[in-house]
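Inspection log for the structure reproduced underneath, given as structure tokens.
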Amino acid sequence: MNRQLLIEDAVKKINKLPDVKLQEINDFVDFLLRKIDDKIILENIQDITSKSNSYNFLNEEEELYDESDLKEKF
């Protein structure tokens, strides 16, 4: 089914429901939209932080010393 047919089918089914269920449907649609918005926001935050240099200090640093720098080995 394409998008328009799915929408029409959903509207037909919603029209058959009693009025008391309309608020529940509205709440569920709000929940789905909020879930999509949260996902988009999270993806944008991840994208911004991955491009930022703020967390570069957490990257692995090169080893400054190795075994040859030791005076005594135990």
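Please work out the FRET efficiency for the pair I14 and L42, using the Cβ-Cβ distance as r and a Förster radius of 30 Å; give the result to the nearest 0.05. Efficiency, rounded to the nearest 0.05: 0.50. Here the Karplus curve 6.51 cos²θ - 1.76 cosθ + 1.60, taken at θ = phi - 60°, turns the phi angles of region 38-55 into couplings of 4, 5, 5, 4, 4, 4, 5, 4, 4, 5, 5, 5, 5, 8, 7, 9, 4, 9 Hz, with x standing for Gly and Pro. One chain, two ends: N2 and L22. Fully extended at 0.36 nm per residue, the span grows by 4.8 nm beyond their Cα-Cα distance.
Counting other Cβ atoms within 10 Å, which GluC sites (Glu not before Pro) in the chain have at most 12 and lie in a DSSP loop?
Within the chain, the qualifying GluC sites (Glu not before Pro) (loop, at most 12 other Cβ atoms within 10 Å) are E60, E61, E62, E63, E72.
For the chain, the set of trypsin sites (Lys or Arg not before Pro) satisfying both a DSSP loop assignment and a count of at most 12 other C-beta atoms within 10 Å is given as K71, K73.
Read the figures in this text as sums done on the coordinates, not as results from a lab. Bear in mind the structure is a predicted one, so any value in this text is a computation, not a measurement. Heads up, the Cβs are rebuilt from the backbone with ideal geometry, glycines too, and the neighbour counts pull from every protein chain shown.
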